[in-house]
1. Would you check which residues across the range 210-246 are of a type in the set (V, I, T) and either farther than 15 Å from I127 by Cβ or at pLDDT below 95 (or both) and list them?
2. Kindly provide the set of residues from the range 134-151 that are in a strand (DSSP E or B), buried (at least 19 other Cβ atoms within 10 Å of the Cβ) and in contact with a Gly (Cβ under 6 Å, 6 or more places away or on another chain), ordered by number.
3. Take L214 and tell me if it is hydrophobic (A, V, I, L, M, F, W, C), near the ligand (Cβ under 9 Å from one of its atoms) and either closer than 27 Å to A66 by Cα or in contact (Cβ under 8 Å) with a residue 60 or more places away in the chain (or both).
4. Just to be sure before I move on: is S255 within 10 Å of the ligand (Cβ to nearest atom), hydroxyl-bearing (S, T, Y), touching a residue at least 60 places away in the same chain (Cβ under 8 Å) and more than 18 Å from M320 (Cβ to Cβ) in the structure I sent?
5. Considering only strands (runs of 3 or more DSSP E) fully contained in the range 224-315, which possess at least 3 residues that are open to solvent by 10 Å² or more (accessible area, probe 1.4 Å)?
6. Only residues that are of a type in the set (S, T, N, Q) and either surrounded by 20 or more Cβ atoms within 10 Å (Cβ to Cβ) or assigned to a strand (DSSP E or B) (or both): list them for the range 109-133, please.
7. Please find, among E263, E222, E324, the residue that is out of contact with any helix residue (DSSP H, G or I) (no Cβ under 8 Å at 6 or more places or on another chain) and within 15 Å of the ligand (Cβ to nearest atom).
8. Give all pairs with beta carbons closer than 6 Å in which a residue from the range 259-271 that is under 12 Å from P283 (Cα atoms) meets a residue that is modelled with pLDDT of 95 or more and not in a loop (DSSP other than H, G, I, E, B); count only pairs at least 6 apart in sequence or on separate chains.
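The values are calculated or read from the model by the stated rules, or taken from the named source; none is laboratory data. In this text, all values refer to a predicted model and were calculated from it rather than measured experimentally. Using ideal geometry, Cβ is built from the backbone for each residue, glycine included, and neighbour counts are taken over all protein chains shown. Accessible surface is based on the protein model in full, side chains and every heavy atom, while ligands, DNA and RNA are left aside. Shrake-Rupley method; radii C 1.70, N 1.55, O 1.52, S 1.80 Å.
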Amino acid sequence: MLIKKAPLAGLTENDVTPHHLYLNRRKIMAAGGALAVTGLAGACSQQDAAAQSPSVRPTDGALDFATTDYRVSDGDLTPYDAVTGYNNFYEFGVGKSDPARHAHNMTTDPWSVEVTGHAERTGTFSIDDVIDFNALEERIYRLRCVEAWSMVIPWIGVPLSSVLERFRPTSDARYVAFETYLNRDEMRGTRFPVLDWPYKEGLRMDEAMNPLTLMAVGLYGEVLPNQNGAPMRLVVPWKYGFKSIKSIVKINFVSEQPTTSWEESAPREYGFYSNVNPERAHPRWSQSSERIIGGGPFARRDTEMFNGYGDQVASLYAGMDLIENY
Ligand code: MTE
């Protein structure tokens with residue numbers, strides 16, 4: 001896959017499945033975009049910028065973001081209704097429509113994140129201390145689920161590296177572990193032992209710091225709907241979707257490879273790395289192609305190594321056997 005660098009290269013308004021708020025927002029940004037870009041171009045560091053103009057987190061509605069010339073996936077955008085109606089968020093049930101039906105029960109405001117482990121700054125931080133809402137950017141990434149389907153989504157967020165750097169991880173931080181919010185009253189799926197709750201994920205530090213890795217707070221120009229992982233979730237586009245943990249409340253800098261929920265529940269099926277790899281079949285199904293969600297009943301595509309993002313990430317795994325380290 002070609003990663004094109006021109007703004008929204010390869011996508012025309014005709015390719016985009018209309019979502020009225022998204023398109024309205026894009027019109028507004030065309031007029032106000034200069035403001036967002038000036039904010040990003042300043043000489044001061046991101047932290048200084050945040051200190052000078054404290055960000056205000058919107059809890060619903062539209063987000064201000066810069067349309068970057070960053071990596072644009074090929075393929076049509078997945079319709080908004082599919083992005084927000086066909087989800088995996090097992091805390092709300094294992095059915096694809098359960099999250100859209102039940103996730104509105106989750107409290108996302110106020111939101112705080114506990115930071116622990118090998119870092120100079122640890123403690124409990126409000127979401128405004130974790131994410132610079134003045135530095136949001138849009139990135140169109142394909143997310144490929146381990147269940148052999150994919151979606152192309154216009155995410156809004158900040159590089160995960162900009163989040164992690166705020167806490168000044170030390171050289172002992174070789175991995176970073178994340179946990180999802182857990183509230184059994186609000187998350188009906190957690191009353192069943194489908195996974196060992198809370199949902200846990202982890203990345204090697206160099207994967208976490210790779211510029212492709214996004215901490216998303218929105219999609220389609222709006223604040224993330226709860227079912228997509230409000231108020232903050234990872235998007236790691238070269239890995240199977242389950243690595244993109246939702247509704248994050250804990251960040252732990254660790255020296256050993258952390259245990260993750262799916263590895264814990266079925267180690268033969270789900271490894272720590274979980275890089276998209278058409279050569280490495282899941283024990284119960286092939287990973288060589290995928291269904292295009294929202295593309296009609298027969299829409300499929302061949303799955304690409306690293307989900308097509310190999311130019312940016314293959315070097316992270318130089319010398320590693322990716323069949324063994326699945
Ligand atoms: N995060 C949590 N906390 N719980 C989950 O069940 N499912 C994962 C991932 N993050 C999951 C999660 C899986 S399997 C996928 S494919 C993606 O979320 C789906 O993200 P989406 O629903 O926004 O498309």
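1. Residues of the range 210-246 of a type in the set (V, I, T): 213, 217, 223, 235-236, 245.
Within the range 210-246, T213, V235, V236, I245 meet the criteria.
2. Within the range 134-151, L143 is the sole residue that qualifies.
3. no
4. Taking the combined requirement at face value, the residue does not satisfy it.
5. 248-254, 289-292, 300-302
6. Once the filter is applied, which keeps residues that are of a type in the set (S, T, N, Q) and either surrounded by 20 or more Cβ atoms within 10 Å (Cβ to Cβ) or assigned to a strand (DSSP E or B) (or both), the range 109-133 yields S112, T116, T124, S126.
7. E263
8. Y270/W262; Y270/E263
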